[in-house]
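Trainee: Please see the structure below; I have some questions.
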Amino acid sequence: MTGFVDLYTEGDTVLHRMDPRVKIFAVLMLTLLILMISSLVHLLILLAFIALLVALGRAPFSKVSLALRFVLRVMIMIVILWPIFDPSGTPVLATLGPVRITEPGVMRGITNAVRICCLATVWYVLMFTTPQRDLVRALVKLGVRFDFGLTLSIALRFLPTFSATVESIKDAQRARGMEFDKGSPLRRSRNYISVLIPTIISALRTADTLSLALQSRAYGARRHRTYLRELKMRASDGVALAVVVAAFVMPAVAKFFLKVPV
Amino acid sequence: MDPGIALSLRDVRFRHRNAKGWALDDVSLQVRRGQFVSVLGANGAGKSTLCMLVNGLVPHTVPGDLEGVVEVFGADVAEDSVAKLSSRVGMVFQEPESQLFCMTVEEEVAFGPENLGVPADEIKGRVEWALELVGMAGYNDRSPFSLSGGQKQRVAIAAALSMRPDILVLDEPAYALDPIGRVELYKVLRELKEKHGMTVLLAERDAEEASLYSDHIVLMENGKVAAQGPPKEVLADPERLVSLGISPPQMSEVASLLRSRLRSPDIDFTRVEDAERTIIERVLPAGRGAAR
């Protein structure tokens, strides 16, 4: 387990200033759009548009490349595996025993790889430009119960803490002569029990204190709690909302009512 | 009911559920408004249980048998809920890491007043006030995770203060801190006592700072009160403190040493300045006499 990386980077771009509720809605709309479009060309155009959003959010190169490295791996897997399991259509490009590779199969593989790339990047744009607290706050404002929002934010908040705990336990075990990467795969996974058990115990202890701390800070004292910072929609948020809805509705109408292939 | 009394324990015993022994056994003590009271004892002496009694975590969340009377500003702890008591009793725990759970320092400090339904404008003022007081102004948007141990504990104090409590309870707040963090923490506690007249109940294992700031000290051993009284009196015998698992203040160790070496039982000090004067007045002349 490596150190946990928060994708968010502080900034003052249009995307940073946008109301997180609008951003979540926009990402959901774009997700639907990506799932609806089946033409490779249109998906590529969409991908270019999303790349523009990434640029607009001024995400630092290090985080973008970190995120893309993961997506790229998935894309390569899809491009290789898809034609093998989807051999319908002609012309057949190659036959290897029972495996048949066809041209439409390859095309569908590429299309879906691009689709996955679009999906991932759209959500990355959200993560790049929205602090976790705003995401949670937006969810609570959209009707998620405060308890659930708090649970989610505590989970996100403690990720780096537990990641650090795991690292220090691993170091402690290494100092006692444990070699994590030696031996058979079974041996290696068994080695990790010596990390797992202290980690769980430490997590339970933390949870115990956490519950005492939450109560000591008047958690649940009143049915209606107030909020220091309220989310405010601005005119620019309205514009963004309109653009996103149009971007989804126009191709949807074209596809389902006018029967235009998109 | 005397309104000057912040906290009062009378013949209190507490046994954790399924435990054999008493975690607290026949404890009686009183904290007056504006007093700084320290509870000193080793691990397992009952300090944490005592702290958690004050805001009702014992017996409401930590179950067990409670006997005797615990009153916080005249209200019986056994009858009030933790949520209700928490607006009067600010609580700071040992572990800096697990008592901070928000994404930013500002949210952390605002969490209590938000739960209490305080209007947003007032919360803003309280957050700034509390962060200023603990010397963490300007850290609003930082993640608590990224702070040093001493800074985390000061944020935890600010998070308790923002609820405007009448008494602040700290359970070994310096436990996980390095020497610098410790100094920073006690600077804040001292300021709370001297400038703001805050009522403080502090649990500690090290008597060093307690000897300087406390109006009253309670020594605990195995759930019982071993001694209590003014710091000078209670901390006079460093060997006894060590036998109770408490680190004695360095000055009282020096005083004790001088008492036995010079065979003068009247030597007694807790501050460096007094130690200096005693040494100049009594040790140096004696040394000169011996040299001649």
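Trainee: Which aspartates and glutamates have a Cα less than 17 Å from the Cα of A:LYS232, not counting those fewer than 8 places away in the same chain?
Mentor: Excluding near neighbours in sequence, the set is A:ASP12, A:ASP19, A:ASP134, B:ASP121.
Trainee: How much accessible surface does A:MET107 have with a 1.4 Å probe, in Å² rounded to 10?
Mentor: Roll a 1.4 Å probe over it and A:MET107 shows about 90 Å².
Trainee: Angle between the Cα long axis of helix B:120-133 and the longest principal axis of chain B, 0 to 90 degrees, nearest 10?
Mentor: Tilt relative to chain B: about 20 degrees.
Trainee: Just to be sure I understand the rule: take each whole DSSP H helix in chain A, project its Cα atoms onto its long axis, keep it if the span is 27 Å or more and its mean Kyte-Doolittle hydropathy is at least -1.0. Which ones pass?
Mentor: Helices meeting the span and hydropathy rule in chain A are A:61-85, A:103-129, A:146-175, A:193-216, A:235-256.
Trainee: Still on this structure, I have one more. Restricting to Cα pairs below 8 Å that are 6+ residues apart, what does the relative contact order work out to for chain A? Please round to a whole percent.
Mentor: Answer for chain A is 28 percent.
Trainee: Under the classification rounded if a/c is under 1.5, otherwise prolate if a/b is larger than b/c and oblate if not, where does chain A fall, given a ≥ b ≥ c as square roots of the Cα gyration tensor eigenvalues?
Mentor: Oblate is the answer for chain A, as a/c is 1.5 or above yet b/c matches or exceeds a/b.
Trainee: Under unit Cβ charges (Lys, Arg +1; Asp, Glu -1), what dipole magnitude, rounded to 20 debye, does chain B have relative to its Cα centre?
Mentor: Roughly 860 debye for chain B.
Trainee: Let me check against my output: what whole-number percent is the relative contact order of chain B, with C-alpha pairs under 8 Å and at least 6 apart?
Mentor: Normalised by residue count, the contact order of chain B is 22 percent.
Trainee: Can you list the chymotrypsin sites (Phe, Trp or Tyr not before Pro) in the range A:5-102 that are in a DSSP coil and have 12 or fewer other beta carbons within 10 angstrom?
Mentor: Nothing satisfies the criteria.
Trainee: Let me have the 222 nm mean residue ellipticity of the protein assembly as shown computed from DSSP H runs of 4+ only, each contributing -39500 (n - 2.57), with the sum over all residues rounded to the nearest 500.
Mentor: Calculated at 222 nm, the ellipticity per residue is -17000 deg cm²/dmol.
Trainee: If one takes the accessible area of chain B alone plus chain A alone and subtracts that of the pair, with a 1.4 Å probe, what total in Å², rounded to the nearest 100, results?
Mentor: 3200
Trainee: Here's something else I'd like to know. Which whole-number value in Å² is the accessible area per residue of chain A, probe 1.4 Å?
Mentor: On a per-residue basis, 58 Å².
Trainee: By how many degrees, between 0 and 90 and to the nearest 10, does the Cα long axis of helix B:105-115 differ from the longest principal axis of chain B?
Mentor: Approximately 60 degrees, to the nearest ten.
Trainee: Spelling out what I want: for every residue of the range B:16-23, take phi, set θ = phi - 60°, compute 6.51 cos²θ - 1.76 cosθ + 1.60 (Karplus), and round to whole Hz; glycine and proline get x.
Mentor: 5, 4, 6, 9, 7, x, 8, 6
Trainee: Cross-link list B:LYS124/B:LYS152; B:LYS47/B:LYS187; B:LYS124/B:LYS193; A:LYS23/A:LYS259; B:LYS20/B:LYS224; A:LYS23/A:LYS63: which exceed 26 angstrom alpha carbon to alpha carbon?
Mentor: As for pairs spanning more than 26 Å Cα to Cα, those are A:LYS23/A:LYS259.
Trainee: For A:LYS182, give me every one of the lysines with a C-alpha distance below 18 angstrom, ignoring sequence neighbours fewer than eight places off in its own chain.
Mentor: Candidates past the 8-residue exclusion: A:LYS170.
Trainee: Is the range A:138-216 best put as rounded, prolate or oblate by its Cα gyration tensor, with a ≥ b ≥ c the root eigenvalues, rounded for a/c under 1.5, and otherwise prolate when a/b is larger than b/c, oblate when not?
Mentor: Prolate, because a/c is 1.5 or more and a/b exceeds b/c.
Trainee: In addition: Leaving out ligands and nucleic acids, note down the accessible area per residue over the range B:249-292 with a 1.4 angstrom probe, in whole Å².
Mentor: Averaged over the residues of the range B:249-292, the accessible area is 72 Å².
Trainee: With a cap of 16 neighbouring Cβ atoms within 10 Å, and only residues DSSP puts in a loop, list the trypsin sites (Lys or Arg not before Pro) found in the range A:162-262.
Mentor: When the trypsin sites (Lys or Arg not before Pro) of the range A:162-262 are filtered for loop state and at most 16 Cβ neighbours within 10 Å, A:ARG176, A:LYS182, A:ARG222, A:ARG223, A:ARG229, A:LYS232, A:ARG234, A:LYS259 remain.
Trainee: Can you pull the percent of the protein assembly as shown's accessible area that's carbon plus sulfur, 1.4 Å probe, other chains left in place?
Mentor: 60
The values are calculated or read from the model by the stated rules, or taken from the named source; none is laboratory data. Nothing here was measured: the structure is a model prediction, and the numbers come from that model. So basically every Cβ, Gly included, is an ideal-geometry build from the backbone, and we count neighbours across all protein chains shown. Accessible surface areas use protein heavy atoms only, side chains included; no ligands, DNA or RNA. Shrake-Rupley method; radii C 1.70, N 1.55, O 1.52, S 1.80 Å.
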